[in-house]
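Following: one structure in structure tokens, then a few remarks.
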Amino acid sequence: MAYIQSKTILKHARDNKYAHGAFNVNLLIQAKAIIEACEENRCAAIIQVAEPGLAFIGGRADFLNGTIEDKKRGAKRIANYVKKLAKEATIPVSLHLDHGRSYETCKICIEAGFNSVMIDGSALEYEDNLKLTKKVVNYAHKHGVSVEGELGVLAGVEDHVFSATSTYTNPLLALDYVKKTGVDLLAISYGTKHGAVKGDNVKLRKEIVISTMELFNYENVDCVLVSHGSSLVPEYIVNEINELGGNVKGKGVPISELNEVIPSGIAKINMDTDIRLATTRNLLEFYEIYHPEYKENSKIYPLMVEKRDSFEYRYYLKEYIDELVTEPKKYSDEVKAILPYLVLATKEIVLTANVLFKSFGDKTKIKE
Ligand code: G3H
Ligand code: 13P
Ligand code: ZN
């Protein structure tokens, strides 16, 4: 079916008071799993890759040190792959750059075929964020690509107070920012946090969502709000990892909190941590329960044992990076054996999110 801009998918969600999960991938198979899960739920799919993910898909095992060439290679690989799948899929599909750090990375992704990019200038001075975002919007819109900007800084939860020094998003500034840059999507800081440890009792500042949307409506500004750092960190998955020998801590955003902000205008909910956790749990289950015979000669299992407190699957899959970021003619035995478990992990998170955020069934309603 269609390969379409994220804004088309998300405006429908915003206007009908539901949200879409946007799922981070680092392996080609995960993109396929997302599309299949969304086909099962008959809803649009938003697949996203952050810069370290682009480097990893570009074949760079130490993905934090990726060069622009690694990222370019990664962007082309994932875009070609997703575009091919989208053509055959029965749902609308969008491919988004998550936390783009520079104009250059956004441009690389757009040239590679992404139809949505984020430029994250949130750590810059306001005027610099405006300038950088505007530059990306000018280029992206010429190519029919949606743009997400960010205002406010996501960090620790406890130390946030809504004051002159707050790093939460200021709704007045959000209005000014969207008017001046023309972004289609805006990531706000309102109490979420990246990673597994979000705090014991996450409370979202719903008033920030409500007042930002009110201001947009008064001034006829057509923009969708995005919630980063929104993984639910399901308790059952954390427990299962630890029962299988892992040593992971985590507490996520309660679904009840997200349910309160979705009808007010949060239409894109980013999830990365949950897929990482489910992937880690499935791999541990593979080696400890279903196929212990693979342990002995495994190139993956020793790396998992080495880092029991980590759920960074890119680390323990690194020996097989080339097979996982391309479409090899033939997989090694170990990769072939784990692939279905990688797929299941991604699907578990996507299918759950599609139901919880109520995106299921929207494929026939989204019009380009
Ligand atoms: O918000 C960023 C995502 O969690 C992506 O993670 O930067 O390690 O690829 P990454
Ligand atoms: P989580 O760490 O909560 O999954 O957030 C992911 C995210 O915001 C990606 O941009
Ligand atoms: Zn994020």
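All of the numbers you see were taken from the coordinates with simple rules; none came from a lab. Computed from a prediction, not measured in an experiment: that's the story for all the values here. Don't worry about glycine lacking a Cβ; one is built from the backbone with ideal geometry, like all the others, and counts go over all protein chains shown.
Fully extending the segment from HIS194 to GLU235 would add 13.1 nm, taking 0.36 nm per residue of separation and subtracting the current Cα-Cα distance.
Between ILE110, ALA123, LEU258, whose Cα lies farthest towards the positive end of the dipole of the chain when Lys and Arg beta carbons carry +1 and Asp and Glu beta carbons carry -1, centred on the Cα centre? The Cα lying farthest towards the positive end belongs to ILE110. What aspartates and glutamates does LYS203 reach when the alpha-carbon gap must be under 14 Å and sequence neighbours fewer than 8 apart in one chain are set aside? Within reach: GLU158, ASP159, GLU257, GLU260. Summary value for segment 1-101: 39 percent relative contact order, contacts being C-alpha pairs under 8 angstrom separated by 6+ residues. Angle between the Cα long axis of helix 126-142 and the longest principal axis of the chain, 0 to 90 degrees, nearest 10? Computed tilt is about 80 degrees. Extension gain, LYS299 to LYS135, is 54.6 nm, computed as 0.36 nm per intervening residue step minus the present C-alpha separation. Tell me, in nm to one decimal, what length is gained between TYR103 and ASN259 on full extension, where the rule is 0.36 nm per residue of separation less the Cα-Cα distance? Here the segment from TYR103 to ASN259 would lengthen by 52.8 nm. Computed from the C-beta positions of GLU288 and LEU64, the FRET efficiency with R₀ = 25 Å rounds to 0.30. Structure note, pairs LYS71/LYS336; LYS131/LYS268; LYS7/LYS365: Cα-Cα distances above 19 angstrom occur for LYS71/LYS336; LYS131/LYS268. Entry note, the chain: the mean residue ellipticity at 222 nm calculated from DSSP H runs of n ≥ 4, each adding -39500 (n - 2.57), is -14000 deg cm²/dmol after division by the residues and rounding to the nearest 500. Ranking MET304, VAL137, TYR315 by Cα position along the charge dipole of the chain, where only Lys, Arg, Asp and Glu carry charges on their C-beta atoms, puts VAL137 farthest toward the positive end. Protection proxy ranking, highest mean first, for peptides 82-93, 36-47: 36-47, 82-93, where packing is the per-residue count of other beta-carbon atoms within 10 Å, averaged. Highest mean packing first, where packing is the average number of other Cβ atoms within 10 Å per residue, the peptides 116-129, 178-191, 196-209 line up as 178-191, 116-129, 196-209.
For segment 177-299, a crude dipole built from +1 on the beta carbon of Lys and Arg and -1 on the beta carbon of Asp and Glu, taken about the Cα centre, is about 440 debye to the nearest 20. Dividing the alpha-carbon Rg of the chain by 2.2 N^0.38 Å yields what? Taking the Cα Rg and dividing by 2.2 N^0.38 Å, one obtains 0.94. Distance check, please: which entries in LYS84/LYS179; LYS72/LYS134; LYS72/LYS358; LYS17/LYS193 exceed 28 angstrom between their Cα atoms? Violating the 28 Å limit, Cα to Cα: LYS84/LYS179; LYS72/LYS358. Dipole magnitude for the chain: about 1060 debye, using +1 per Lys or Arg Cβ and -1 per Asp or Glu Cβ, origin at the Cα centre.
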